[in-house]
Amino acid sequence: MRYSKSLLALLYLPICLIAAQDPHQQLVELAKAGNGVIKLDSKTFDLLTSPKRTWEFEPSWNAVGEAWATVPKEHRDNHFFATLDFDNGQTTFQKLGLQSAPVVYVYPAAQGPLVPASGKVSPLKYDFSNGFDAGPLAESLSKHTPIPIPYRDPINWARYFTIATGVLGLLVTLRFISPIIQSRWTWALVTVAVSLVMTSGYMFTRIRGSPFIGNDGNWVAAGFQNQFGQEVSVVAGIYGLLTMSFLMLVMVVPYQTSPARQRLQIYLWSGVFVIVYSVLVSLFRVKNRGAS
Amino acid sequence: MPTAYPLPTNLSPATVANTASLIRIVALALISGAAIASRLFAVINFESIIHEFDPWFNYRATRVLASKGFYEFWNWFDPTAWYPLGRVVGGTLYPGLMATSGVIYNLLHAINLPVDIRNICVLLAPGFSALTAWATYMFTKEMKDASAGLLAAAFIGIVPGYISRSVAGSYDNEAIAIFLLMITFYCWIKALKQGSALFGTVAAVFYFYMVAAWGGYAFITNMIPLHALVLILMGRFSSRLYVAYSSWYAIGTLASMQVPFVGFQPVKTSEHMAALGVFGLLQIVAFAQLVRSHVSSHQFQKLLATGVISIGILGAMAFVLLTYKGWIAPWTGRFYSLWDTGYAKKYIPIIASVSEHQPTAWPSFFMDLQFLVFLFPAGVILCFRELRDEHLFVIIYAVVASYFAGVMVRLMLTLTPVVCVASAVALSTLLDTFVDPTEPEVVDDTRSESGASTISAPGTNGAAPSPTTPATTSKKAKKAAAAAAEHPTTLSDILASSSTKTAKPKGIYGLDTRIMVVLNTICMLAFFVSHCTWVTSSAYSSPSVVLASSNPDGSQHIIDDFREAYYWLRQNTPEDAVVMSWWDYGYQIAGMADRPTLVDNNTWNNTHIATVGKAMSSSEEVAYPILRKHDVSYILVIFGGLIGYSGDDINKFLWMVRIAQGVWPDEVQEPSFFTPQGEYKVDDNASPAMRNSLMYKMSYYRFVDLFGGAQAMDRVRQQQVPKVGPTLDYLDEAFTSENWIVRIYEVKKEDSLGRDLKSANAFAQGKKRKRSKPTTRRRAIL
């Protein structure tokens, strides 16, 4: 038999939540009992913080393994998926010097026709930098299997359904809200809101995944090229206020028919403008210490 | 007609018009002067030198063009770049910039002005910024009026968002591209307004120039169709739009295909499909309009509408099919990464690694645009108030560009012009309102509301007449306006005719509010100017080839390590010695040291770059065969640990690892360069892969010796370097610059006795070879 010559073992260590009682269920019950707060003792603390707490990875792993089970037999039997639970293999954990879980190792064939071209037969560690999802895992493991793992993300029916109902609902309500959509001021508002949010660094926080506020409770991130999520809303608000007070001076004030009321408004909006602008400049100086 | 302040009465309208036009010309001249002057900080603080990285290639290419002529330049094959592959330069660059400098050079020499080509290259960007100011003036004039145009020109002349890419010495494509962008947009607006095929053609010619000059031409390629599409959707289709768009598209596309680097892309790639699709849509809509004007039957019109819609849907489906079948190339990675922001990091690490492709945080926006950043939404709102066809252009441009600028720092450059235009419209409206001397007559609606204001109103405005009923007021005003429009005799008549156009009475009462608002505006503008000056002089004028620091007494200290090292290479190495470095320094080595390089800033070959990354991140034993196979004689690394220069290779090292991992995932793995705690360290805790890597060894080789037994400190990463420094067996230190920023190593040749270099080195140092285990094991012969 061919596969007996070239044995590829894919060893997957830890987790497996198949204990007598599902720990997750246990935790849910405990949380319920304590009005949402779990009272810990030494046993439940171990339960909560054990290396098994990677709740979300096992389904991904199993999905990839199942996908592999569908490939033709000649290829399927050249590559194996395996798991090792900490409870069953403590010595192996010690041997590999593992402190945390989950860990995925790929053991390439050491002999036979399936030895990698590079000649490296030492085990390779999978890098979880792409998250714990099944897609990237299958993609990266496919580099080591004889044929690519035929994994496909399950179709997210709920999402399609939501989109479809959303579109339908929009079409239905379109008749009623068409005066709003056709108003130029709706569009003006949307346009200005988009511009303000974009110039407040919204895309920065999206792309970098910045937290809303910092760990120390400070909402202004240190550093010129850095920012937190809350800065977007504050800065966009400041910009919006400045824009509005400016527009008041240009678009509302001149149409006042009473001189006294007009004068009051001019002083009011100019005052708002100057004060808010000063706040903005001082905020900028916090971010950029050398500012003029 | 009451006025807030007295006006001269004896001026003829011709005098007013002439004076205004003279002031405009003088103002534009001064703005041009300011735009050029503010970009000369770099020359004054440092010297007339080409900046950064890409400009060094542009400069090198321009020198070829100037010395050997256009034909040679066009067919130039550069064997020293991407050694050993070489680069077909003529077909892989945007020649607009070099051609522009070449034309200027030849022109100046034709009139016997022997200007050096370097000075033309250095001063090209400031010169074109003056032209940009003029183009922005023309563009804004179409949006509002000449006074807004002047403000816009002044803004774009000094705003840091544009200065950052156009200081003297920043000889890059953007230097001329922003002028071309604005002039193309101006011609498009003009063509659209007049329905002029002439202006459409002029727009197409400038579009061609833009295509020849900058890859960002795709912005125009998509902006104009988007504008046309929105006009059609809003039911604003007109024959003017048809003429303008068709003439621009037909001529512009044919012309752009003449650039070899672009070739058939305009009909084959997704970036250009929007323009083609809108062109087709316009034909259908125009045809439908034509037929409708000739038939009257209601049913037939319905049939026609159905026909047009189905043709449109069929056309759209044809596009989808063509894309699916692969006849139309899908979006290229660079453009696609603008929409799917996670794409580049995952699939094209080279693009993600470039610092100007990072997203923009808000302080950058405020630094680059200052008070324009919150003034331009006001301008956009004012555009919505009038909403002529050309105002829609500004609105679309504002939304699209602010999104792009948020995704990539570099695209701040495309946002800046529209910000200047919109803010100028806003600010000039404010000034119009508050400088306009006419006061509205107090309308008598206050009588019913409160008696107090009726009494106070005439008191505060001495000039205001006694209240009259609104009906008679407006009638009187209309009469006066009609009379004035027929025979405008004085300045106040001109003002009166302009101010009574609106139905509602509008204006500002009194003088104090006017003075307050105008003073406030002047203060804001003065603050803007001082901010721009500060940003330009402190942040955007550094050539980055020459670094500046200050001595303890405050005087400037110039750090010139780069040129020192490149000059050493030029003087001390054979002309065909291949130098390996990370791709950032490829253009500089080619431009200043004139030596072949493996990779450079034209990052077209990912595998070649990954090869360099692999050599840098592997151990000496693994890297040596790679180096020898690529004929590498010298390796150049940038090290900032001694003086705290943060842009050094150790900080870029993870990108080298990532790019190498993309091609050789089995041999280079990013996690192995981190400590078990997941930190990026260079001290005692550094991971074995890190400490054995060629990059680490070359950076810290003999670094400890500098400190004479004291603890060696890396001043960039603020970490203590191990007491025992790395040793090198396959490389020799050849040169280290004054501040250790540039370190050059020579790759040793194979040992003449056939030993591997490690044991040869050990032998030379008098170490005994260990005999504890047999060195070779006999293999069983199968």
query: Regarding region B:30-433, what is the average projected area of its C-alpha convex hull, in nm²?
result: 23.0 nm²
message: Would you calculate the convex hull of the Cα atoms in region A:200-287 and tell me its volume per residue in Å³?
response: 93 Å³
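How much net charge surrounds A:Met251 when only other residues with a Cβ under 11 Å from its Cβ are counted (Lys, Arg +1; Asp, Glu -1)? Each step should come with its number before you reach the end.
Numbers: positive: B:Arg385, B:Lys506; negative: none.
Within the 11 Å Cβ shell, the charges total +2.
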message: Give me log10 I(q)/I(0) at q = 0.17 Å⁻¹ for region B:151-222, Debye formula, one equal scatterer per alpha-carbon, no solvent.
response: -0.68
Percent RCO, i.e. relative contact order, over region A:134-292, from Cα pairs under 8 Å lying at least 6 residues apart: 15 percent
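What's the whole-number percent of alpha carbon pairs in region B:1-159 lying beyond 21 angstrom?
Details: 7878 of 12561 pairs.
Percent of Cα pairs beyond 21 Å in region B:1-159: 63.
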message: Given Cβ point charges of +1 (Lys, Arg) and -1 (Asp, Glu) and nothing else, what value in debye, to the nearest 20, does the dipole of chain B about its Cα centre take?
response: 1860 debye
field: Binned Cα-Cα distances of chain B, short to long, each 20 Å bin given as a whole percent
entry: 13, 38, 30, 14, 4, 1, 0
query: For chain B, with the dipole built from +1 on Lys and Arg beta-carbon atoms and -1 on Asp and Glu ones, taken about the Cα centre, which of B:Val546, B:Met592, B:Phe287 lies farthest toward the positive end?
result: B:Phe287
- prompt: B:Tyr730: net charge of surrounding residues, Cβ under 11 Å, Lys/Arg +1, Asp/Glu -1, itself excluded?
  reply: -3
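Let me check against my output: what whole-number percent is the relative contact order of region B:30-433, with C-alpha pairs under 8 Å and at least 6 apart?
Working: 575 pairs, mean separation 66.1, N = 404.
After rounding, I find 16 percent.
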message: How much of the pair distance distribution for region B:45-101 lies past 18 Å, counting alpha-carbon pairs only, in percent?
response: 35 percent
- request: For the pairs A:Lys287/B:Lys681; A:Lys95/B:Lys629; A:Lys287/B:Lys723; B:Lys652/B:Lys749; B:Lys614/B:Lys748; A:Lys95/B:Lys758, note any where the Cα-Cα span goes beyond 30 Å.
  value: A:Lys95/B:Lys629; A:Lys287/B:Lys723; A:Lys95/B:Lys758
query: Among the aspartates and glutamates, which have Cα under 15 Å from the Cα of B:Lys190 when same-chain residues fewer than 8 positions away are ignored?
result: B:Glu142, B:Asp145, B:Asp389, B:Glu390
message: Could you tell me the relative contact order of chain B? Use alpha-carbon pairs under 8 Å, at least six residues apart, and round to a whole percent.
response: 13 percent
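For region B:605-699, report the translational diffusion coefficient in µm²/s to the nearest whole number, using Stokes-Einstein at 37 °C, 0.692 mPa s, and a Kirkwood Rh over Cα pairs. Working shown, then result.
Details: Rh = 13.6 Å.
The Stokes-Einstein estimate is 242 µm²/s.
Once fully extended, how much extra length lies between B:Ala539 and B:Arg563, figured as 0.36 nm per residue of separation less the alpha-carbon to alpha-carbon distance? Before the final figure, lay out each step's value.
On the way: separation 24, 0.36 × 24 = 8.64 nm, distance 2.13 nm.
Stretched fully, the B:Ala539-B:Arg563 segment lengthens by 6.5 nm.
Kindly give Rg over Rh for region B:560-764, based on alpha-carbon atoms, with the Kirkwood expression for the hydrodynamic radius. Walk me through the numbers on the way to the answer.
Numbers: Rg = 16.3 Å, Rh = 17.3 Å.
Ratio of gyration radius to Kirkwood radius: 0.94.
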- prompt: How far is it, in nm, from the label point at A:Phe161 to the one at B:Leu113 when both lie 7 Å from their Cα along the line to the Cβ?
  reply: 7.4 nm
query: B:Tyr540: net charge of surrounding residues, Cβ under 15 Å, Lys/Arg +1, Asp/Glu -1, itself excluded?
result: -2
message: Modelling each spin label as a point 7 Å along the Cα-to-Cβ direction, I'd like the A:Gln90/A:Trp187 distance in nm, to one decimal.
response: 7.1 nm
task: Using only the alpha carbon atoms of region B:265-408, find the Kirkwood hydrodynamic radius as the inverse mean reciprocal pair distance, in angstroms to one decimal.
output: 19.2 Å
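Read the figures in this text as sums done on the coordinates, not as results from a lab. Computed from a predicted structure; not experimentally measured. Because the Cβ atoms are built from the backbone with ideal geometry, glycine has one as well, and the counts that use them run over all protein chains shown.
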